[in-house]
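The values are calculated or read from the model by the stated rules, or taken from the named source; none is laboratory data. Everything quoted here is computed from the prediction, not taken from an experiment. Ideal geometry is used to build each Cβ from the backbone, glycine not excepted, and the neighbour counts take in all protein chains shown.
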Amino acid sequence: MELAKAQPAYTTFSYMHDLTHSERRDAVKRYSQSSLDQIQNIEDRIAKTKSEHVSFRRRAYRALLAISHMDEILRIAKAFDINWDAISAKNGLLMREIVREIAQFYIETELTLKLEGRIKAIDENHLRDMNNATSVLPYCDIAVFEKDFASLMQQCALGQKYKCEVITELTNISELLQPS
C-alpha cells in the first residue's frame, strides 16, 4: 500500500500490465456490469423526475451522490476531526456544500444532467468519459476528449470552472504546451 501511495502511476500501470488476459477480461466484465447498473439507475431516476425542473433534478442527483458516498465522506471527515453533528447541522448545509463543491461530485452531476437531457441513450462510453473528466479536469491544464463529450463539458462550462483547456484534436497540442 505504501508503494501505491508513493508511486500511484507506476503501481496502476504495473497492476494493469501484470494481469493475465483472463483477469483483464474479468475486470472489464465487472466494469461493464457496474456501468449497466449505473445506467439503469440513471434511467430509473429520469423516469421518476423527467417532468421536474432541472434545479430539482440537480438537487435530487446530489442527494443520491451524498447517500452513495456517505461512508467515504464520513471517513474523510473523521480524519479531519469533523463529527457527524457538524456535517448534519443546519439541515445538512455542510453535506450540501460537499456535493456541490467537490470537483468529482460537481462534474458528475453536471455531466449526468446534460446526458439526461439528450435524445441519445446513455452508454458505457459516456460513463468512461465522465470518469475521465472527474479525474482530469480539476488537475490538468489541457485535456483531450472526443467532440461529443467535449461539447457537453463546454455546455457545462467545466473547462472554465477548472481552468482546463478541453480540446478534441492533438494537432495543436505543441502550441498549447508552450509556456506563455
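So which of Ile82, Ile122, Ile107 ends up being part of a helix (DSSP H, G or I) and either touching a residue at least 12 places away in the same chain (Cβ under 8 Å) or farther than 16 Å from Ala63 by Cα (or both)?
The conditions single out Ile107.
Scan the stretch 125-141 and give yes if some residue there is in contact with a Cys (Cβ under 8 Å, 6 or more places away or on another chain) and either part of a helix (DSSP H, G or I) or β-branched (Val, Ile, Thr) (or both), otherwise no.
Yes - at least one qualifying residue is present in the stretch 125-141.
Based on this model, can you work out whether Glu110 counts as surrounded by fewer than 13 Cβ atoms within 10 Å (Cβ to Cβ), at pLDDT 90 or above and charged (D, E, K, R)?
No, not satisfied.
Answer yes or no as to whether Asp44 is modelled with pLDDT of 85 or more and not in a helix (DSSP H, G or I).
no
Please work out which residue is nearest to the chain's Cα centre (by Cα), limiting yourself to the stretch 68-111 and to residues that are among the charged types (D, E, K, R) and over 26 Å from Gly159 (Cα atoms).
This residue is Glu72.
Being crowded, with 19+ Cβ neighbours inside 10 Å and either in contact (Cβ under 8 Å) with a residue 24 or more places away in the chain or acidic (Asp, Glu) (or both) is the filter; apply it to the stretch 130-148 and report the residue that is farthest from Glu108 (Cα to Cα).
That would be Ala143.
Do you know which of the residues in the stretch 154-174 that are of a type in the set (A, V, I, L, M) and in contact with a helix residue (DSSP H, G or I) (Cβ under 9 Å, 6 or more places away or on another chain) is surrounded by the most Cβ atoms within 10 Å (Cβ to Cβ)?
Leu158
Kindly indicate the residue of the stretch 38-67 that is hydroxyl-bearing (Ser, Thr, Tyr) and surrounded by 12 or more Cβ atoms within 10 Å (Cβ to Cβ) and also farthest from Leu113 (Cα to Cα) among those meeting that condition.
Out of the qualifying residues, it is Thr49.
If I filter the stretch 16-26 for residues that are touching a residue at least 12 places away in the same chain (Cβ under 8 Å) and either surrounded by fewer than 12 Cβ atoms within 10 Å (Cβ to Cβ) or over 24 Å from Leu137 (Cβ atoms) (or both), do I get at least one hit?
no
Among the residues of the stretch 1-34, how many are more than 30 Å from Arg118 (Cβ to Cβ) and in a helix (DSSP H, G or I)?
22
Does Glu72 fit the bill of being at negative phi, outside any loop (DSSP other than H, G, I, E, B), modelled with pLDDT under 85 and loosely packed, with under 11 Cβ neighbours inside 10 Å?
No, not satisfied.
Quick grid of which residues meet (1) among the small types (Gly, Ala, Ser); (2) touching a residue at least 24 places away in the same chain (Cβ under 8 Å); (3) in a helix (DSSP H, G or I):
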site: Leu36; (1), (2), (3): no, yes, yes
site: Lys48; (1), (2), (3): no, no, yes
site: Glu52; (1), (2), (3): no, no, no
site: Arg57; (1), (2), (3): no, yes, yes
site: Ala86; (1), (2), (3): yes, no, yes
site: Leu93; (1), (2), (3): no, no, yes
site: Thr112; (1), (2), (3): no, yes, yes
